[in-house]
Every structure is written in C-alpha cells, then in structure tokens.
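Everything below concerns the one structure shown next.
The values are calculated or read from the model by the stated rules, or taken from the named source; none is laboratory data. In this text, all values refer to a predicted model and were calculated from it rather than measured experimentally. Here the Cβ is made from the backbone with ideal geometry for all residues, glycine too, and neighbour counts use every protein chain on show.
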Amino acid sequence: MTTLTDLWQAGERQHPDKVAVVEGRRTLTYRQLGDRVRRVAASLVHQWGVQPGDIVALLAPNCIEFVISYFAIVQLGATVQPIDERVTPEEIAAILRDADTRFLIVHGSLWPKFDEARSLGVMVEHMLGIRLDAAGIASFDASIKLESTPPAPTALSPSTVAELMYTSGTTGDPKGVQRTHTNVLAAARNSLRGFGYKPDDVIAIAMPLSHSSALNSQMMPLLQVGGTLILLPRFQVTELIEVIKCHRVTCMRAVPAMLHLLLANSSFASEQLPSLRLLINSSAPIDPNTYVTLKRRFPTIEVLNSYGLTEASTCTVLPDPMATIRPDSVGIPIEGVEMCILDEQGNVVEAGGEGEICVRGDHVFIGYRQRPEATAAVMRDGWLRTGDLGYCDPDGYYYLQGRQTEMINCGGQKFVPRDVERCIEALREVAEAAVTGMPHRLLGDVAKAFVVLKPNQNLDAKAVIRHCTQHLTSYKVPYKVEFVETLPRNGVGKLLRRKL
C-alpha cells in the first residue's frame, strides 16, 4: 500500500458490503464509498478541471461527504486542505490566501461563515456545496453533477502532497503543514501498531476530521483495517454515550477536556458501556489524577496515553499496564518512530536530562508550504524539532513539560508552566489549570494561574497559592490566581495559552 487510493480500494475489494461510515441515520458501505469517491473525483475533473498539484479546500463538519471528498481529491493527485469549522471568517480568509486556494467544497451549514470570509476579499474559482434537506440529510449540491464517467487514471506518487493542514506549528504563526501520501499512511501505521485497532472495531469520532488526530490517527487506520467509523458532528456528552451504546462502539479517542466532562457523567463507566475495549487520550497532556481515575472507572479495558503533533502524527503510546505506574508519561516511541532529547546546541541529552523533544520517521511532514526558512528552523538532519520540552527516563519513557515558547523567566529563573499546572491540578477541588507569564516590573515575568474547579467545589486563591508554596520552588509560585469556568481550547482540545 503506497498511496491513499490503495487504502480505500483495498477496503472496497476485501469487504465491499461491510459498513464503513455511519453518520446519524445514514450509512455507507465500502462498496458505496468507492462508488461515491470515483463519481465525485470525475466531477472535480470534468466540471472544475482539477489537476494534479491543485489545492482543494474542504470546509465541513464530520460528515459522510467529508470522507468522500477527501479521497476523491487525493485520488486526483490534488491536495486536500481541511479547514476547521470552528475557525473565524478572518482565519478562513487568511489560510485560503496563504495557500492560493482555487477550489472549495463547503458544507451548507457553513455558507454564512464563508460568505463573511468572502467579504474580506477572498476569491476561489469554483465552489461545491454540501446542502441539507428538510430532514437534515446532507448531499452534494446540484450545482455539480456527480459524473458516472471515471476520470483518466492519475499516476500517483507516494511523495505527492495529500494534505495541507494549517497550524500554529512549532514556531508561532499559522503555517500550512504539507503531508504526503507516505506521511499519512505512516501515521495510520503508527496508530495501528500503537493502539492495536482491529477489523471488527467501531470507533466514535467526536473530534473534528479537519485535525490530524481524528483524520490520520482515527479515520485512516480504521478504514485501513476494515473497521467502522461513527461520525459525530460535535462533542456532546449524552449524545456520545448514547452513540456508544447504540452502535456498540469499541474504541474512542478523546482529549483531556472531553474526558473531564465524560467522567462527570455517571453513565460513562465500564458497566454502562460494556462494548468499549479501548480508550485513548490524545492531542494534549492529561493530568495523572484523571488518567488514574479513568483506569479505575474502566478496569477491564485498555486506557492509553499518546503524543503527536500536526507535523508528526502519533509518535508514542503509553501501554495500559503503565496507566497507574507512570500516569504522567506519554509513553515510548512506536515501532518505526525515532525520538530523542536535544539541547539548544543540538546535542543529545542523557536520560533524565531536560531539553527539546525531537522526532524522526516516515510520518514526519515534508515542510511548511512556501516557507523554507520556517521549515529549516524545525527540520535539522532529518529530525523534527517539535518545540515541546521534556525528558526521557532511563527506561525510555517520555514526559512532556511544555512548549519552548511558553517558558516563564522570573528574575532569571526559567520554568515551564506545566510544572505549576500539575501542582495545582493535584488539589482535589481542581478540574484543570493553565499558567501563563504575567509582566512584573522587578522580576520580568511571574506566573499567573487560571483555575477551573470541579462541579460543586469551592476554593480560594489563597489556598491555591499556599498549596503551591508548599510544593514548588518560590519563583514558580503563582503571583495571581483567577478562577474561570472554562479554558480556551482549539477543536482538538489543545490549550490556546495565547488567549489567556
């Protein structure tokens, strides 16, 4: 299997009548998926003139049409540009301009947002709508006829860019992350090796497919082994629990914010959801207390932790037996992934020493679109310098400590916010915490903590500071504590620290 076309064609050939995708009341077998992919690909060629190398943006929530469109685009040797439906019209305009996007497939529910982006001067040559009928059933708009005549075969190369995903990346400003067919298939391979997905697995995807975690580490590997995807348009606790029961979901991947909300619901437990066999934390660090709570709530299933980023999907997995032994670790590198810790001079740091986490492997992206300097800043001798700080213990387990750009310099003493956040999250009343630098006229920066309490819990700022004083070096103790209802996060749950 060398291209993404091989992936869906293998499913069509090996289990044509098996259900591949479920969205609400709609289902799609592997045979039907293949038929729709060919017809949409033909339409893109015959009516729009899409050619190899073109970029086709896809602005849609989790739906069957997203899956069809993705494979139709990459089958043509074109590049799919998934856009998160949660981004603002200004952000949509910015990334369409940056990519020089000529083609757009947009879901009917998101037309108003795109119209606003268009008012900012964004131009695309062709648009295909995904409309909703009175019953809420989606279909491709009549503005493009689904062709039955297949397009001429495209000589796909494994090195063809399949995805262009926009991210703040490892160096700040939003940039287009280019991932080839080889990169995407390697990411799927990593997930299969790390998480052990099986052909009879049914996975509930509540994270947006426009992000690498859902797309490359859930959708792709499940379709590769012949599993079934249950697509949810958004994360909602009671809806997700009902879907797990109704469809006998076996696998679920979630971010810490989702897990906190699920754990607050008594129905999210082993005895209530007997079909679940695999639960994976993804996209952001989980606090050890929550991890241990998950394992106690689901004693008979695999509870895994993992680490990855848009530039390099799924790199590590923490095996289930380690859930209560090393709950603060993101695990060990998956077979085929190389990792190390480097210092600022590029030297390898010995076990236990802190530095920057670096990754190498076929899953690592090929560079940022039209940004050679930004690419050179993070790619050195084949190693991706992730911008994540951490360390590796003598047994090979990796630990995250925060981002290089988030380090706080208090009177010349540098530290990462995660040290303080872990300390605060150890308080039984606290659901989660985020720490940022706050200007101080004498010390330069001091820590400020934003704290979310668990339901029906009370705590004051003095108690938080007192607790930190007992467990942290003085310069790490928060100067100010602010209680908030939620922390700002992106579509896959990563903390947007800059918004604090």
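Observations on the model:
- Qualifying residue in the stretch 28-48 (condition: in a loop (DSSP other than H, G, I, E, B) and not assigned by TED's automatic domain parsing to the domain that holds residue 227): no
- Residue 470 meets each of the listed conditions (1) within 23 Å of the chain's Cα centre (by Cα); (2) over 16 Å from residue 284 (Cβ atoms); (3) polar (S, T, N, Q) apart from (1).
- Members of the stretch 207-229 that are of a type in the set (A, V, I, L, M, F, W, C), in contact (Cβ under 8 Å) with a residue 60 or more places away in the chain and either surrounded by fewer than 23 Cβ atoms within 10 Å (Cβ to Cβ) or part of a helix (DSSP H, G or I) (or both): 214, 215, 219, 220, 223
- Elements of the type strands (runs of 3 or more DSSP E) sitting completely within the stretch 352-466 and holding at least 3 residues that are touching a strand residue (DSSP E or B) at 6+ places or on another chain (Cβ under 9 Å): these cover 355-360, 383-392, 398-403, 408-410, 430-440, 444-453.
- Just one of the listed residues (293, 300, 324) is modelled with pLDDT under 95 and either surrounded by 15 or more Cβ atoms within 10 Å (Cβ to Cβ) or touching a strand residue (DSSP E or B) at 6+ places or on another chain (Cβ under 6 Å) (or both), and it is 293.
- Residues in the stretch 421-448 that are more than 17 Å from residue 409 (Cβ to Cβ) and surrounded by 17 or more Cβ atoms within 10 Å (Cβ to Cβ): 421, 422, 423, 424, 425, 427, 430, 431, 432, 433, 434.
- Close contacts from the stretch 291-309, counting a first residue that is aliphatic (A, V, I, L, M) and a second that is modelled with pLDDT under 95 and assigned to a loop (DSSP other than H, G, I, E, B), with Cβ to Cβ under 6 Å and a gap of 6+ residues or different chains, come to 292/324; 292/327; 303/323.
- Residue check for residue 484: buried (at least 19 other Cβ atoms within 10 Å of the Cβ) and within 26 Å of the chain's Cα centre (by Cα): no
- Inter-residue pairs, beta-carbon under 6 Å, first small (Gly, Ala, Ser) and in the stretch 182-197, second surrounded by fewer than 24 Cβ atoms within 10 Å (Cβ to Cβ) and not in a helix (DSSP H, G or I), 6+ apart: 186/362; 194/334
- Close pairs from the stretch 7-30: first on the phi > 0 side of the Ramachandran plot, partner part of a loop (DSSP other than H, G, I, E, B) and of a type outside the set (D, E, K, R), Cβ under 8 Å, at least 6 apart: 24/136
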